[in-house]
Amino acid sequence: MVSDAVAVGVLTFIGTTLATLTGLWQWRRVQAREQRAEFRVQRVEALKEVWEALSDLEESQRSSILVTEYDDQEATERLTQVNLLLLRRSPFLRPDEQEWATAFARHVTEIDTLLRSNLHEGRPDVSWWITTAIQPPSSHVAALAAQQLRNLRTTLGDRYAAVVRGDSE
C-alpha cells in the first residue's frame, strides 16, 4: 500500500504541474492577443501609408498634365517610391490589397502616358473634337483605365475604412 506521504507528494506534484501548465497556457494566450493587436496597428499604418502614397501619386500625375515642362524622371521616381512602399509594407497587406494597389499605380501611369501621347506643344490635342466620328486611338483605353481606377479607388478605400473600424482583419 502507498503511504500517505507519497500520495500527498504525488498529488502536490500533479497540482503544481497543472497550475504551471494553466499559467503557461494563459500567458501564451495573452502573448498571442498582444501580437494580434500589434499586427492590426501595423496593418492600419501600412494601409494608411499605401492609401496616401497612391492618392499623392494620382494627384501629382493629374496636376502635372497642365505643366508645360514635365519632369519624366520625377514621375518615375514617384512611381518607384510607391512600388518600394508596397514591397516594404507587403507583410501587412493581403495579396488582394497588394494587387489592387499595384493596379491602381499602373492605371494612373497608363492614363498619364495616354494623355501625354496626345499633347501637342504642351496642350491637349483637341482636333478630334471637330467631328465625333473620329476618336483618338487611345480614348477607349484611357476610358477603360479611368473606370478601373475609379473601381480600385472605391475598393481600396472601403477596405482601408473597414480595417480602421476593425471590421476586417
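A short reminder: the numbers here are calculations on the coordinates, not readings from a lab. The model shown is predicted, which means the values in this text are computed figures rather than measured ones. A quick note on method: Cβ atoms are made from the backbone with ideal geometry, for glycine too, and the neighbour counts reach across all protein chains shown.
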Check on residue 56, charged (D, E, K, R), more than 10 Å from the chain's Cα centre (by Cα), within 15 Å of residue 112 (Cα to Cα) and loosely packed, with under 10 Cβ neighbours inside 10 Å: no
Number of positions in region 26-46 that are closer than 24 Å to residue 90 by Cβ and either in contact with a helix residue (DSSP H, G or I) (Cβ under 9 Å, 6 or more places away or on another chain) or of a type outside the set (D, E, K, R) (or both): 11
